[in-house]
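Working notes, structure below.
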Amino acid sequence: MAMLEVNNIGISFGGLKAVDNFSVTIEKGQLYGLIGPNGAGKTTVFNLLTGVYKPDTGHIILDGNDITGKSTIEINQAGIARTFQNIRLFKDMSVLDNVKAGLHNHHRYSTLEGIFRLPKYFKVEREMNERAMELLKVFDLDGECDYKASNLPYGKQRKLEIARALATDPKLLLLDEPAAGMNPNETAELMKTIRFVRDNFDMTILLIEHDMKLVSGICEKLTVLNFGQVLTQGETSEVLNDKRVITAYLGE
């Protein structure tokens, strides 16, 4: 069974088709790339997959379950987490507390237990602290757990956003241009991190990316969007050698 099946989803804004009959199938454990020129509709697809927008047409099936039209919270609870092109952290909170925010999907105590500091509150807080530190160690951020998120270097803020997404225990991780703003060394390190996450967290990953070196280095399959429609899709090497893809990018 595929982890994600998207069948002919589409959405219009003001009568203009932003995404039209978009379909893709992503198998469990795949590293899949979604590429295309600026304005092609890539982030709109992510917003449709995560419930920010509701599709006008089509269906979205996650691990055999239809999640079409569900809310962002329901979709996250079903197993999709994402990062954003423009980093979205709780910048005045600590690195540790950013990750703990993602853990609240699966670690809960009641308002009463929190106010009166009942035993369950301390148990849940201890469990969340331990799990958050485990995730921070994966990204080499455990030594900065008490830093304000806004005080981290840019590349580490990117890593923290991925760590927080993983804290929700997703089946499918969506990465929106994770290498944006990174230097070549940071990009190379990010590639290693993405592979590690896929291999060690039993994760399926779909990423939007403009860095062709990153795409060709880690993605097994690609879908190319242009003007909201699928231009081509298939094995990475075949797609990147497709003249239509080259033309789309040169015409950007």
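The values are calculated or read from the model by the stated rules, or taken from the named source; none is laboratory data. Because the structure is predicted, anything quoted here is derived from the model rather than measured. Neighbour counts run over all protein chains shown; Cβ positions are idealised from the backbone, glycine included. Side chains are part of the model used for accessible areas, which takes the heavy atoms of the whole protein and leaves out ligands, DNA and RNA. Shrake-Rupley method; radii C 1.70, N 1.55, O 1.52, S 1.80 Å.
Overview of results
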{"item": "GNM top mover of Ser12, Ser94, Ser216 - the chain, alpha-carbon springs below 10 Å", "result": "Ser12"}
{"item": "Accessible area (Å², 1.4 Å probe, nearest 10) - His104", "result": "80 Å²"}
{"item": "5 angstrom amide H check on Arg82, placed H, neighbours 5+ away", "result": "Leu174"}
{"item": "Cut-off under 5 Å, modelled amide H: who pairs with Gly39 long-range", "result": "none"}
{"item": "DSSP bridge pairs, the chain: antiparallel proportion in percent, nearest 5", "result": "55 percent"}
{"item": "Amide H partners (placed H, <5 Å) of Thr232, local residues excluded", "result": "Val224"}
{"item": "Assigned charges on the beta-carbon of Lys, Arg, Asp, Glu; region 161-242 dipole about Cα centre (debye)", "result": "120 debye"}
{"item": "Heavy atoms of Leu96 accessible to a 1.4 Å probe, total area in Å² rounded to 10", "result": "30 Å²"}
{"item": "Average accessible surface area per residue within the chain, 1.4 Å rolling probe, Å²", "result": "48 Å²"}
{"item": "Net charge dipole size for the chain [Lys, Arg +1 and Asp, Glu -1 on Cβ; Debye, nearest 20]", "result": "420 debye"}
{"item": "For the chain, built as a Gaussian network whose Cα springs stay under 10 Å, the top-fluctuating residue of Gly228, Gly41, Gly14", "result": "Gly14"}
{"item": "Gaussian network model of the chain, springs between alpha carbon atoms under 10 Å - residue of Leu89, Leu135, Leu231 with greatest fluctuation", "result": "Leu231"}
{"item": "Phi-based couplings in Hz for region 123-140 (Karplus 6.51, -1.76, 1.60; Gly and Pro marked x)", "result": "5, 5, 4, 5, 5, 5, 4, 5, 5, 4, 5, 4, 5, 5, 5, 4, 9, 6"}
{"item": "Quarter of Cα convex hull surface for the chain, i.e. mean projection, nm²", "result": "14.5 nm²"}
{"item": "Among Phe227, Ala179, Gln157 the positive-end extreme of the charge dipole of the chain (Cβ point charges)", "result": "Gln157"}
{"item": "Karplus 3J(HN,Hα) series, Hz, for region 152-162 with 6.51 cos²θ - 1.76 cosθ + 1.60 (x for Gly, Pro)", "result": "6, x, 3, x, 6, 5, 4, 5, 5, 5, 5"}
{"item": "Inter-centroid distance (Cα atoms) of region 1-64 relative to region 121-147, Å", "result": "33 Å"}
{"item": "For region 110-249, size of Cβ-based charge dipole, Lys and Arg +1, Asp and Glu -1, in debye", "result": "200 debye"}
{"item": "Helix-derived mean residue ellipticity, 222 nm - over the chain, DSSP H n ≥ 4, -39500 (n - 2.57), to 500", "result": "-11500 deg cm²/dmol"}
{"item": "3J(HN,Hα) from dihedral phi, region 69-78, Karplus parametrisation 6.51/-1.76/1.60, rounded to Hz, x for glycine, proline", "result": "x, 6, 6, 4, 5, 5, 5, 5, 5, 6"}
{"item": "Region 204-252, accessible surface, carbon-and-sulfur percent (1.4 angstrom probe)", "result": "53 percent"}
